Every structure is written in C-alpha cells, then in structure tokens.
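Heads up: the structure comes next, in structure tokens.
The values are calculated or read from the model by the stated rules, or taken from the named source; none is laboratory data. These numbers come from a predicted model, not from an experiment. Cβ atoms come from the backbone with ideal geometry, glycine included; neighbour counts cover every protein chain shown.
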Amino acid sequence: MNPRVKAVHDLSVADARENAGLHDYDGVVQDLSPAAVAAGLRALGDGPKEPDPHDEAHLAATEAGLRVAYGDAAQHRTNPMVHIGNLDLACYDREYAPAAEREEARRRHLAGWPDAIDATVEALDSVPGPVARASLPAAQGLAAGLSPGDPATDAALAAHQRLVDHLGRAAAGPDDVALGGAVLARLMGEPEATSVDLGRLATQAQNESVRLRSMLDSACEQLAPGTPTADVVEGLVRDHPGPGGIEVAARQLIDEASAFTAEHDLMPPIDGVCLVGPAPESRRWAMAMMAWAAPYEADAPSWYHVTPPDPSWSPEEQEDWLAAFSHTTLPAITVHEVTPGHFAHGRILRRVRGDVRRSLFSFAFVEGWAHYAEELMLEEGFRAEDPRFRAGVCLEALVRVVRLQVAIGLHTEAITMPEAVRAFEDHAYLKGPAARAEAERATFDPTYGRYTWGKLAILALRDEAQAAWGRRYSHRRFHEALLALGSPPLGLIGNALGEQAP
C-alpha cells in the first residue's frame, strides 16, 4: 500500500477498520491527542504519487480534507463524535472473522480506553455547549453491554465516566456553534476536490425543496383528495407494521427491491447475503443503518439494521419511533440502505481496483448514491401503482434537503437553533423531539447536507452522460462507470464519462 494511503488510514482508524475492512487496525484505539493528530497531519503526502491520475486526485482530495477537518475545523478539539467513533466497540459485532478472534480484538480495544480517553479529554478543550449536549447520549451509549467485574473492564468503565463527566461540564459552555462560511465551505469542498459556493448550494437546496413538496402534495392528493398534505402525512406515518413486524416487512422489501433492480437492469449482478436485525446495543440510537461486508475482509453477511423501539419507553415514545418504519417510509429506507443503495454499492466496492478506490470514501458520494437510488427506483416505476412510495421518497428527501439548508444557515449564522427546529417542523413534517434532534445534529455533523448535495451531483452527471452517449446510454452503463471509481469525491465523478483527471 502506498504510504500516503496508509497515512490517511492512520488518521482515520475507525473508518479504515469498519468501512474498508482493514483489520490490521483491530484492537487499535487511535491516539487523538493534539500532539498525535499534529504528527498524523505531518505524515500526509509523504510518499509517491498514484500512477492513475484519477486515483492521485482522489487521494490528494482525501489528504486535503483531513487537513481541513483537523486543522481549520480542529474537529478533534471541538467534536466529541470523532472520539466516540474511535472508542466504539460495535465494530466487532459483525461476523467478518471467527468469534474468538473478534472477541480478542474487542478485549484489546477496551483495554486501550483509559489511555485513549485521557487523550480525548485533553483534546476536547473547545467543545461548544450544544455540541456537548447533542453528543452526550452517544457517549453514554459506548458503555452499553459492559458490566464491571474484571480489572480491564473496571478501568475502561472508570475512563468512560471521565469522558461522560467531561462532556457534562462542556455542556454548560458557550452556545456558539457556527464554524463560519469559509470553514464550512472548505470542510465540504476540500475532500470532494471542488470549491463550494454556499449561496449557490443553498439556492439549489431551496429549488429541490419546492420540487419535492410539489411531488408530495400530488401523491397525498391521490391518496386523500381534498385533505391537507400535513394531515395525510400524519396518517401515513402512523400506519406501520408494529415492533414485531418490522424485520419481516424489511426482508420482504429487500426481495422486492432486488428483483425490481435486476428486472430493470439497473445494476450489474449483486451477490452476497444481507441479513436484517436490530443494531448492536451501543448503536440503537440509529433507527436504520447498513453494516456492509467491507472490501478488504473475507466475505460475510452484511447487516441491514432496523431497530425496534425500547419496550421500556412510554407508548407515545414507541409510537413516535415506529413512525419511521411506516408502510410509506420503510420502502424508501430499504432501497436506500440495501438495493440499489448502500448494500449494492458495498458489493461493488469489493470488486473495484486499487487501494484508493477500495478504501478511501467520499461520504458525500456514499450517501448521495444511496439517496439517488431512492429517486431512481421512483423514476423507473417501483411500486408505481401505490402513491405511498412516492410520498415516502419525498418525505425522506425533504428531511435531507432541510439538513443541507440548516447546516448552511446555522454555520453561517443566518438562522438560529429555534429557526432550524422550525424548518424541520414546517418543511420536513417532523415533530418536536424529532425536529430538534435533526437540527442539533448540525452542530456536530456540519456536512450532513451531503445526502442532497451528492444526489444532485449524480443526477447532473447523469444528464451529461445521456447527452454525451445518446442512444448508447443506459442506466446500467452509467452506474457501472460511476461505481468503478469506488466512492469518488464529487468533484471527480465526471471522470466516469471518460474525462481526463487533473
């Protein structure tokens, strides 16, 4: 492996281990102290160029993105989620290796918590109060399933409490979360090998929001003529399979979406096994997520995690949680997470060539691809006879587009947190706690507008491909050319059409 690629992985250990499947990092807890991060940044770029021009541009963009993330944005000092991902033990739950091997790695990882958390507490000296408050539940969840009783676990739990206490103190800190427009633009643009005009992107988001709301209004009018859209949506999300039926419904949807994708020749053949079940205990804050069989590991089942509500919650809390798995939204979520979304992308990543394409990820592309998959299936007629699928695609997309608007607004100080919450309530049909949680996510995940941004970039490139290829265009040809690049930065996706890389 090119030492430059290795230096990137050394600064992104959790991502390299779980998403790329580089299990040399099993049991390793990255040192995220200020001194260690500075040393890691100095190591970037020390090595030969990649022989392929596209791969070199992809690698250079990833290096530039890390320099902004840990330099300009100082995320190791301001963002607890960087450290929480580094400490998380759930990466060893998936069956990528024998149970004994994974348990030993988990033991070594847990043994590394005390030193790593000391480094974390040292590093997290500039956490804004809202960021600390928003990330505290995830930090507390790291200890899920751990019970005292042996010296290593006791030491890890004591260290974990130091982290929780530190974030608790930080939660009382200043409320200023804004990165500023210049830093946000670089944080978004540098890893994507492009410059970002936040004003132009905000206009694109507004136009997309108008389009989606019109589509949603049309679908709801079909379902309940004369009834206000908000009232129709309220009824739709309350129609769900219930806690015991979520997994059954998800499995049926996987089969249906996979068969449709193959029948319409949208993708190359997709192999592998995708299982359905709840997320590991420490990640049950996520309603739905994909844990794929990563490119560098032996093949094993991927997991589509759909997590039912906690039985200890109140009936109202359980009902709010189950709304995410309604018969309207679960089909769109399954397309996004499985086929032709994340699972299908993960299967193709196992076959692409070269370390850069297999192990360096543009998450704007990863999420943009899966979000694009929802609209692709809608365009191609998946469940065309049922307006609920169109409504579900629109509802999921409206949440994503409001994320982009809120991230830009909050970090340029154009809007306040109460206004961000109202944006999710008014334009994405979310209610109180759900709207607040989405708005607060912008404080620690400032690039979470990547879903809409990535989708729009792929749709624009598809228009170019159709114009350039004419009658030789097909969705499958376009998708194969695009995904042969792996998870490319958005500024480089045009190379799928045969353009020369810079």
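Mind listing just one residue for me: the one in segment 331-384 that is closer than 18 Å to W292 by Cβ and among the aromatic types (F, W, Y) and, of those, nearest to the chain's Cα centre (by Cα)? In this case the residue turns out to be F363. Are any residues in segment 42-68 closer than 14 Å to L360 by Cβ, in a helix (DSSP H, G or I) and touching a Lys or Arg at 6+ places or on another chain (Cβ under 8 Å), and if so, which ones? Scanning segment 42-68 gives D55, E56, H58, L59, E63. No other residue among R102, R162, R107 is assigned by TED's automatic domain parsing to the domain that holds H58, closer than 30 Å to S362 by Cβ and among the charged types (D, E, K, R) apart from R102. Evaluation of A332 against the conditions (1) more than 23 Å from H240 (Cα to Cα); (2) surrounded by 21 or more Cβ atoms within 10 Å (Cβ to Cβ) shows that the sole unmet condition is (1). Is it the case that R77 is in contact with a Pro (Cβ under 8 Å, 6 or more places away or on another chain) and either closer than 22 Å to A178 by Cβ or surrounded by fewer than 20 Cβ atoms within 10 Å (Cβ to Cβ) (or both)? Here the answer is yes, as R77 does meet what is asked.
From the list R358, R351, exactly one residue is within 19 Å of A300 (Cβ to Cβ), without any contact (Cβ under 8 Å) to a residue 60 or more places away in the chain, surrounded by fewer than 24 Cβ atoms within 10 Å (Cβ to Cβ) and basic (K, R). Which is it? After ruling out the rest, the residue left standing is R351.
Among residues of segment 406-417 that are more than 9 Å from A442 (Cα to Cα), those with a beta-carbon under 6 Å from a residue that is of a type outside the set (D, E, K, R) and not in a helix (DSSP H, G or I) at least six positions away or on a different chain give the pairs G409/I415; E413/A178. Tell me, please, whether a residue that is of a type in the set (A, V, I, L, M) and either assigned to a helix (DSSP H, G or I) or over 27 Å from M289 (Cβ atoms) (or both) can be found in segment 124-131. Yes, some residue in segment 124-131 is of a type in the set (A, V, I, L, M) and either assigned to a helix (DSSP H, G or I) or over 27 Å from M289 (Cβ atoms) (or both).
Note on segment 175-203: among residues that are in contact with a Gly (Cβ under 6 Å, 6 or more places away or on another chain) and in contact (Cβ under 8 Å) with a residue 24 or more places away in the chain, the one that is nearest to T416 (Cα to Cα) is D175. Screening D10 on (1) surrounded by fewer than 16 Cβ atoms within 10 Å (Cβ to Cβ); (2) under 22 Å from the mean Cα position of the chain (by Cα) shows it passes everything except condition (1). Here R422, R403 are screened, and the one residue that is buried (at least 24 other Cβ atoms within 10 Å of the Cβ), part of a helix (DSSP H, G or I) and charged (D, E, K, R) is R403. Within segment 233-255, being touching a residue at least 40 places away in the same chain (Cβ under 8 Å) and surrounded by 15 or more Cβ atoms within 10 Å (Cβ to Cβ) holds for V233, L236, V237, H240, P241, P243, I246, E247, A249, A250, L253, I254.
Does any residue of segment 80-98 turn out to be free of Cβ contacts under 8 Å to residues at least 24 places away in the same chain and either farther than 23 Å from E440 by Cβ or in contact with a His (Cβ under 9 Å, 6 or more places away or on another chain) (or both)? Yes, the conditions are met somewhere in segment 80-98. Of the residues making up segment 338-348, at least one is in contact with a Cys (Cβ under 8 Å, 6 or more places away or on another chain) and either in a helix (DSSP H, G or I) or of a type in the set (A, V, I, L, M, F, W, C) (or both). Could you count how many residues in segment 204-242 are in contact with a Gly (Cβ under 9 Å, 6 or more places away or on another chain) and over 15 Å from V393 (Cβ atoms)? The total comes to 3.
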